[in-house]
1. Here are some conditions: (1) in contact with a strand residue (DSSP E or B) (Cβ under 7 Å, 6 or more places away or on another chain); (2) under 25 Å from LYS53 (Cβ atoms); (3) of a type outside the set (Ser, Thr, Tyr). ASN167 meets all but one. Which one does it not meet?
2. Are any of the residues in the stretch 16-30 β-branched (Val, Ile, Thr) and buried (at least 18 other Cβ atoms within 10 Å of the Cβ)?
3. Report, by residue number, each residue of the stretch 36-50 that is within 24 Å of VAL109 (Cα to Cα) and either in a helix (DSSP H, G or I) or small (Gly, Ala, Ser) (or both).
4. Got a number for residues in the stretch 156-191 being closer than 14 Å to GLU5 by Cα and part of a loop (DSSP other than H, G, I, E, B)?
5. State whether one or more residues within the stretch 9-27 are over 19 Å from GLN70 (Cα atoms), out of contact with any Phe, Trp or Tyr (no Cβ under 7 Å at 6 or more places or on another chain), modelled with pLDDT of 95 or more and part of a helix (DSSP H, G or I).
6. How many of the residues in the stretch 129-150 are part of a helix (DSSP H, G or I), more than 17 Å from ALA65 (Cα to Cα) and at pLDDT below 95?
7. Answer yes or no: is there a residue in the stretch 70-79 that is under 30 Å from GLU184 (Cβ atoms) and either over 16 Å from the mean Cα position of the chain (by Cα) or not basic (Lys, Arg) (or both).
8. Against the definition (part of a strand (DSSP E or B), under 21 Å from GLY73 (Cα atoms) and either among the aromatic types (Phe, Trp, Tyr) or at pLDDT 95 or above (or both)), how does ALA153 come out, yes or no?
Amino acid sequence: MNCLEEKILKDGLVKEGNVLKVDSFLNHQMDIDLFNEMGKEWKKRFEGKQINKILTIEASGIGIACIAAQHFGVPVVFAKKSKSINLEGEMYTAEVESFTHKNKNTVIVSKKFLNENDHVLLIDDFLANGCALQGLIQIVQSAGATVEGIGIAIEKGFQSGGTIIRNLGYQLESLAIVDDMNWETGEIKFR
């Protein structure tokens with residue numbers, strides 16, 4: 001997707017440790033026009049799939065998933081990283097490790113929002129090692145629901161996540177795949 005790649009080249013910053021900082025438009029301040037274009041693109045790529053829910057993970061995927069959901073006409077469910085007092089009933093849980101935050105979280109989704117009749121599109125901002133996606137897949141499977149596809153804004157193609165998820169047989173549609181980044185020069189190469 002050229003507009004996302006152009007935005008990454010224009011406003012993204014490469015940091016030491018394979019970190020791509022895109023907080024000015026993707027995961028802190030959000031470029032809604034860009035999100036809208038991303039949603040249109042995923043709608044094209046998943047044409048013909050009977051998607052009735054979008055599932056993402058707290059927090060950076062929520063904005064992207066909400067705008068994408070408008071193109072599919074479906075609700076968004078997000079996996080919470082902590083249990084709050086207003087959550088009640090039975091929950092699906094999965095443990096996920098964050099590449100960016102270097103920690104593990106148990107994420108939860110209420111059983112009343114996901115069931116065996118659901119055909120789910122997973123959406124997230126980044127794919128690095130695939131841990132978050134594997135947790136979301138586990139939650140969908142626990143519900144007896146079907147993963148119809150996975151939409152990622154930015155995939156780090158030089159890390160293992162994309163290969164792992166594709167080898168599991170899922171349709172993974174990443175809108176920008178970064179094949180190489182150099183924090184010393186700031187250079188970013190796309191697939």
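1. (1)
2. yes
3. GLY39, TRP42
4. Total satisfying the criteria: 3.
5. Yes, the stretch 9-27 contains a residue that is over 19 Å from GLN70 (Cα atoms), out of contact with any Phe, Trp or Tyr (no Cβ under 7 Å at 6 or more places or on another chain), modelled with pLDDT of 95 or more and part of a helix (DSSP H, G or I).
6. 1
7. No, every residue in the stretch 70-79 fails to be under 30 Å from GLU184 (Cβ atoms) and either over 16 Å from the mean Cα position of the chain (by Cα) or not basic (Lys, Arg) (or both).
8. Spelling it out, ALA153 is indeed part of a strand (DSSP E or B), under 21 Å from GLY73 (Cα atoms) and either among the aromatic types (Phe, Trp, Tyr) or at pLDDT 95 or above (or both).
The values are calculated or read from the model by the stated rules, or taken from the named source; none is laboratory data. Bear in mind that the values here come from a model prediction, so they are computed numbers and not experimental data. Cβ: placed from backbone, ideal geometry, glycine included. Neighbour counts: every protein chain shown.
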